[in-house]
Structures are given as C-alpha cells and as structure tokens.
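Structure, as structure tokens:
Rule-based calculations on the coordinates, nothing more; no lab input. On a predicted model such as this, the values are computed, not experimentally measured, just so you know. We place every Cβ from the backbone using ideal geometry, glycine too, and count neighbours over all the protein chains shown.
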Amino acid sequence: MSDAVKIVEVGPRDGLQNEARPIETSEKLRLVELLIEAGVGHIEVASFVSPKWVPQMAGSAEVMQRVPKVQGVHYSALVPNMIGLEQALAAGCREIAVFAAASESFSQRNINCGIRESVERYRTVVESALQNGLRVRGYVSCVLGCPYEGPIAPDKVAEVAHMLREMGCYEISLGDTIGKGTPRGTRLMIEACAQRVPLGELAGHFHDTYGMAIANVSAALDWGVRVFDSSVAGLGGCPYAKGATGNVATEDVVYLLQCLGFETGINLERLGRAASYISGVLGRPTSSKVGQAMACAT
Ligand code: HMG
Ligand code: MG
C-alpha cells in the first residue's frame, strides 16, 4: 500500500458556501494563495450552482478565472447541470465534480430532483465534460445518514457510487454530510463501496458535527482509503443539512497522517497561516484542535 495520501482541500467551496456574510472574491483568492504556499495541490474553489439556491457561490466564475495558475496545483468546482458546466467551461475550469446522494429526500432538497433523475442528468453532464477534456469527480452525500431519512444502507451508497463511476467519474468522494457517522459505520460503508468501486478510486469526505470525523478518517485509512477531503480551520456546512458543521479540519488530518508516517506534501505550520487568515476574515476562531494547540504553543 502506498504511503502517500491525497488531500482535497474543500474549504473555499464546502467551507464558505454556508457563511452568513458574503466573502469577497479577493479574500477567497488570498486563502487559495496561502493554501498553495502550504503545499496543497488539490483545491475545490468554486460551485456553479444556482445563486438563488446558494448565494455564497455567486462569484465562482471570477474566482475560477483568477486563481493563480501554478504547476502541480489542481482546481475543481461543483457542477449540478449543463448550465453549470457551460459556466465552468467558460471560466476555464479543468475539473468538475457532480454531486448525487444516497438519500431520495436529501437529493430532492439539495438539487430539486430524485436520485435516478440526478444520475440521468449527470450522465449528460459527465459525457460533455469528458468530451471537453475535463476530469470529473463524483460525490455521494448522506453516506452515513440523512437529515430527513435517518440511517442509509451501505448498499445504497455503493449503488450510487457505482453509477457515478460507470458514467466516467475518476474518483468517488463519500460524504458524511451530517457528520453523524462512526468508525464502525464508516468501515461497513467503505466495505460495501469497495465491492462496486476500486478502493483506490474512493475518497472520504467527513463532516465533524458529532466530533467523529477524525476517527472516521482513521477508520477509512485503516481500510485502505488514500484520498480525503477536508477544510482548512474546519470551515463548512451544507445549506441543505440543517445543523451540519464543517468538514474535518485539514490541519487535523495532516497532523494525523504525519504522525502515522504518510506523505501529504503539506506543511502544517504554513497551513496554520491559511487557517489564521480565514478565521480572521470570518471573525471566529479555528475549529481545528491541532490549529488551537499550535496557536497555544507559539
Ligand atoms: P432548479 O430550480 O430545479 O433548476 O434547481 P431549473 O433547471 O428548473 O432552473 C431554474 C432557474 O435556475 C432558471 O433560471 C435556471 O436558469 C437557473 P430562471 O429561468 O428561473 O431565471 N439555473 C442556474 N443558474 C445558475 N447556475 C446553474 C443553474 N441551473 C439552473 N447551474 C439546481 C436545480 C441544481 C440548479 C439547484 O437545486 C441548485 O443549484 N442546487 C445546488 C445545491 C447546492 O449547491 N448544495 C450544496 C452543495 S452539495 C454539498 O455541499 C455536499 C458535498 O459537500 C458532499 C457532502 O458533504 O455530502 C458535495
Ligand atoms: Mg460536504
């Protein structure tokens, strides 16, 4: 098994999509610069969704156009339909992510259609994106529980993950949207998914609402997952999952991985600067335990 782990920093998108006050494009761009200085190589910076649904992402085209073009740094953006894809292409986006769910009710509330309909819609989006030379990632939400339906069967998650892979997604990110999962649930869910999608194409995307996210990262790591989504300073939440808090903090994941001897390419101290910057912009302290400890130590 490889000793390298890929971190997909989702702070500028998942982290900021739910903020009450508008974040300036210049502030998002400064955050991206600081993340790059810390060695982050994969950053989800934008979301070409309806601004009526998620006003915080309204400036996505400008963000995507203005992010620094740096060798080895890859940017991605959420795309829910062909309108979003056209906007992403016009903004020079090279990688998109389509986002489905393992829960019917969440799918309806999040993207205004059921799972089947979303998969049919994404088929067209992914085909067109691939024809345009883009890479496409797939998300499955509610993999460890749904805010409206409660528990979700691991086989349902695996089925949706498989459909996304079949249509051409190179990696499937498994989202514990409401952060209610436990290491045991994580293991069962990954085990089911790994029967339908190669383990090397699965990613963990854990929100930390119940404080279990880092434990779930550890469980997924033990199972062989080597890609994790995280948000600097633990930013984030989903507008369609009431009460859900941020993603697992990137600092906490990097610290865990460093201690276990995995290579991420990310410098923890510089990551702390990115966290301090965005926490200052938002006017609240970081929710990263490692970030808090590092701040006390200096
Ligand atoms: P809809 O209302 O069903 O769309 O929304 P529609 O096709 O009927 O169009 C209605 C209007 O929206 C039209 O405008 C369209 O042009 C416009 P009008 O004629 O009324 O003036 N429209 C758009 N405008 C801009 N960009 C677009 C777009 N599409 C249509 N792409 C839609 C359907 C999917 C658009 C909507 O439900 C939506 O935008 N949802 C996004 C929800 C969202 O962003 N949720 C958060 C991200 S997911 C997440 O955070 C989970 C994740 O992190 C993993 C995890 O944690 O689980 C990924
Ligand atoms: Mg999320």
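Modelled label positions at Glu263 and Glu127, each set 7 Å beyond Cα in the direction of Cβ, lie 4.1 nm from each other. Peptides 163-173, 109-119 ordered by packing proxy, namely the average of other Cβ atoms within 10 Å per residue, highest first: 163-173, 109-119.
Only bridges whose two residues both fall in the chain count here: according to DSSP, what percent of them are antiparallel, nearest 5?
Close to 5 percent.
Taking a point 7 Å from the Cα of Arg94 along the Cα-to-Cβ direction, the residues of region 6-41 with backbone N closer than 15 Å to it are 41.
Across the alpha-carbon set of region 41-178, the Rg to Rh ratio works out to 0.96, Rh being the Kirkwood radius. Potential lengthening of the chain between Ile83 and Arg273 amounts to 64.8 nm, from the contour at 0.36 nm per residue minus the alpha-carbon distance. Unpaired Cys in the chain, meaning no second Cys C-beta under 4.7 Å: Cys93, Cys113, Cys169, Cys193, Cys238, Cys259, Cys296. Here the calculated FRET efficiency for Glu149 and Arg184, from their Cβ-Cβ distance with R0 = 25 Å, stands at 0.80, rounded to the nearest 0.05. Within a straight-line Cα-Cα reach of under 28 Å, Lys156 can be paired with the following lysines, leaving aside sequence neighbours fewer than 8 residues apart in one chain: Lys6, Lys180, Lys242.
If packing is taken as the mean number of other Cβ atoms within 10 Å per residue, what is the order of 8-21, 127-140, highest first?
8-21, 127-140
Shown for Thr177, Thr286, Thr298, Thr250: other C-beta atoms within 10 Å of each C-beta, ranked fewest to most, produce the order Thr298, Thr286, Thr177, Thr250.
If you build the convex hull over the alpha carbons only and average its shadow over all orientations, what do you get for the chain? Give it in nm² to one decimal.
Taking a quarter of the hull surface, the average projection is 13.5 nm².
Taking other Cβ atoms within 10 Å as a rough exposure proxy, Glu37, Glu27 sort from fewest to most as Glu37, Glu27. Determine which residues of region 85-103 fall in the zone a paramagnetic label at Glu166 would reach in this model, i.e. backbone nitrogen under 20 Å from the point 7 Å along Cα→Cβ. Zone members listed by number: 98-103.
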